[in-house]
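See below for the structure under consideration.
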Amino acid sequence: MSQAQGVVLLVEDNALNRDMLVRRLTRAGVAVICAGDGEAALTQMRAHLPALVLMDMNLPIKDGWTAVREARADETICHIPIIALTAHAMDTDRNSALEAGCDEYATKPIDFPELLNKIQRLVN
Amino acid sequence: MTQSRNENTRWAKRILQAVAPLRAVAARTSIAIDPPSDQDVAALIEAADRVELLQASTDRDDQHDLMNIFGAIRGYAEILYEDRALLHPAIVDTLPAILRALSAPEMPQDAGEITAKQQPAVVPRSVEPGVILAVDDMPENRDLVSRLLSKYKHTVITAESGEEALELLDTLGVDVVLLDLMMPGIGGAEVLRRMKANEQLRATPVVMISGRQDMDQIIACIQAGADDYLLKPFNPVLLQARIAAGIERKRWHDREAQYRRQLERSEKFIRATFGRYLSDDIVDEILASPEGLELGGDLREVTIMMSDIRGFTTLSEHLPPQQVVRLLNRYLGRMTDIILEHQGTIDEFLGDAVLAVFGAPRKADDDADRAVRCAIAMQAAMAEINAANEADGLPRLDMALALNTGSVVAGNIGSERRAKYGFVGHAMNVTSRIEDVSGPGEILISDSTLQKLPQRYSVGERRSLSVKGIAELVVVYPILGVNQ
């Protein structure tokens, strides 16, 4: 994915994990902006209209589930694909993420090549 | 959170244990870590410090953080592993354990992990030693490969870059190339591509070396013509086995190429020897049959044709040399075409005279028939030749033709330096004698040729002539034409 196709918004409250993902995405040629909570995520989405959102679901202030639901209800940003990042590979989590309006789902720890594939698929 | 505290603690212990060697190596001032990897190492160690801090905590949020920190450690370890070509091998060596502790599925759990004790009790089958080019940008890897392969008496040449490898390949005869995929500059995939694009190097077996996470690229390399691959860190027995297989492939190829060269040489010889005298399809046929290469002498029945221009010697004395050559070339060129069209074998040109044979080296049922048809076509072509001569102000030519059927010895005659497929025998002399009495524009055939002909030719009155060396008279007939 080239930068011309837009930036990816990474929503992650854990600084270590966020820095690592920014580093990996940048290395892969993906431009990244960040948000540390659900509220900031919505603000960033409205301000920058990113090509895609990587959303940790367990967030302070406003959790990922709520942020995704609100994004889907907002006409200006409801089209932006969202990949949920959660800690557990359980079907219930997967289903609730998809039900909340996420387009894809990735379990932590992240399988990075797989994540890149998902980003690629959703953006193109 | 379904992750229990105990489980996290267990993970934390494993991870801290796995990170310890990297911490130790990174703390050594003797080991330089260049940017940007230094940042990645620092971030990984910082994350490990956080694990140390949080591992005993019972706080729910801390437990959640731990999972994220594991993810960060794994991420940085993967980044470092991707960049291992730029890293000191002592650092690279610490990474697989970290990645395994985080049970990253793509990490090397490969043959390289087999310890010395577990190594399969395979005695490598004896193999011819070969010349191996080991291409790796890391000196430790080059040394390791050299050591392992030298044990089996292989000659190991090393190159530290794709550029150097390509240079060496240009000048050295290499049996197998061990090619690291990830190198700065010209990488393994590009070296492979250039080798496959080069006629001289195309057949040299290539074994790719890479990490497990580069599987996609390895598959691409196999599709691009790599023969095999090895995952790092590789097992010495596997390495030896792949090299042995590569050498064997190369030897087969070399033998095949040598055989092909031999064939080409004999084909060139045959074409050079016969190309001027035989029609192309006969040359092809000789080349197609293995026994065709041995054109030793053999006695065979052929129909011999001799022709000459009546009075040419006198004629040539009154013409400037350039005109003689022009006359001869026009005449002989046309006659050669007609003879080859009728699958005759031209034995030689003697000035204006042509000696051709039908029935050697390839025998056919209609040798005599073709010879007569050829003679008729040759006489018919004279009208055309004379029209061209007249237009150029050159004199008219009249050709006499003689045909005789008899046994001759056919084969390669001459010395090693100068040999040609030729004919010897009394029948040749008889033909020459018939040719002597053949008139301008005439085709005179011996009775032995007439016996071989189908009924469709009309012949003129029989004549008898005496030939030196035989008691009986030779009976000849002029060909008058073909009955439709």
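Residues considered: B:Ala387, B:Ala410, B:Ala364. Of these, the only one that is buried (at least 21 other Cβ atoms within 10 Å of the Cβ) and not aromatic (Phe, Trp, Tyr) is B:Ala410. Filtering segment B:133-150 to residues that are touching a residue at least 24 places away in the same chain (Cβ under 8 Å), assigned to a helix (DSSP H, G or I) and of a type in the set (A, V, I, L, M, F, W, C) leaves B:Val145, B:Leu148, B:Leu149.
Would it be correct to say that B:Gly185 is surrounded by fewer than 22 Cβ atoms within 10 Å (Cβ to Cβ), in contact with a Gly (Cβ under 8 Å, 6 or more places away or on another chain) and at pLDDT 85 or above? Considered against the rule, which asks whether it is surrounded by fewer than 22 Cβ atoms within 10 Å (Cβ to Cβ), in contact with a Gly (Cβ under 8 Å, 6 or more places away or on another chain) and at pLDDT 85 or above, B:Gly185 comes out as yes.
With a requirement of 2 or more residues that are surrounded by 22 or more Cβ atoms within 10 Å (Cβ to Cβ) and not basic (Lys, Arg), the strands (runs of 3 or more DSSP E) lying completely within segment A:10-124 that satisfy it span A:52-56, A:82-86. Scan segment B:195-242 residue by residue and report those that are assigned to a helix (DSSP H, G or I), among the charged types (D, E, K, R) and touching a strand residue (DSSP E or B) at 6+ places or on another chain (Cβ under 6 Å). Listed by number, the residues that qualify are B:Arg212, B:Arg242. Does B:Ala32 satisfy the condition of being surrounded by fewer than 19 Cβ atoms within 10 Å (Cβ to Cβ), in a loop (DSSP other than H, G, I, E, B) and away from every other protein chain (no Cβ under 12 Å)? Criteria met by B:Ala32. One residue alone among B:Leu102, B:Leu95, B:Leu80, B:Leu133 is surrounded by 17 or more Cβ atoms within 10 Å (Cβ to Cβ) and modelled with pLDDT under 85, and that residue is B:Leu102. Does B:Arg50 satisfy the condition of being within 11 Å of chain A (Cβ to nearest Cβ), charged (D, E, K, R), under 22 Å from A:Pro60 (Cβ atoms) and in contact (Cβ under 8 Å) with a residue 40 or more places away in the chain? Here the answer is no, as B:Arg50 does not meet what is asked.
Okay, residues lined up against (1) hydroxyl-bearing (Ser, Thr, Tyr); (2) away from every other protein chain (no Cβ under 14 Å); (3) farther than 16 Å from A:Leu10 by Cα:
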site	(1), (2), (3)
A:Trp65	no, yes, no
A:Glu70	no, yes, yes
A:Glu75	no, yes, yes
A:Ile83	no, yes, no
A:Gly101	no, yes, yes
A:Leu115	no, no, no
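One residue stands out in segment B:438-484 among those that are in a helix (DSSP H, G or I) and either at pLDDT below 90 or of a type in the set (D, E, K, R) (or both): the one that is nearest to B:Met306 (Cα to Cα), namely B:Asp447.
Residue by residue, here is whether (1) within 29 Å of B:Arg100 (Cβ to Cβ); (2) modelled with pLDDT under 85 holds:
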site	(1), (2)
A:Ala51	no, no
A:Leu98	no, yes
A:Lys108	yes, yes
A:Pro113	yes, no
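Identify, by number, the condition in (1) of a type in the set (S, T, N, Q); (2) assigned to a loop (DSSP other than H, G, I, E, B); (3) surrounded by 18 or more Cβ atoms within 10 Å (Cβ to Cβ) that B:Thr158 doesn't meet. Failed condition: (2). Among the conditions (1) part of a helix (DSSP H, G or I); (2) free of Cβ contacts under 8 Å to residues at least 60 places away in the same chain; (3) small (Gly, Ala, Ser), B:Ala368 misses just one, which is (2).
The values are calculated or read from the model by the stated rules, or taken from the named source; none is laboratory data. Since the structure is predicted, the reported quantities are computational estimates derived from the model, not experimental observations. With ideal geometry, Cβ positions are generated from the backbone for all residues, glycine too; neighbour counts draw on all protein chains shown.
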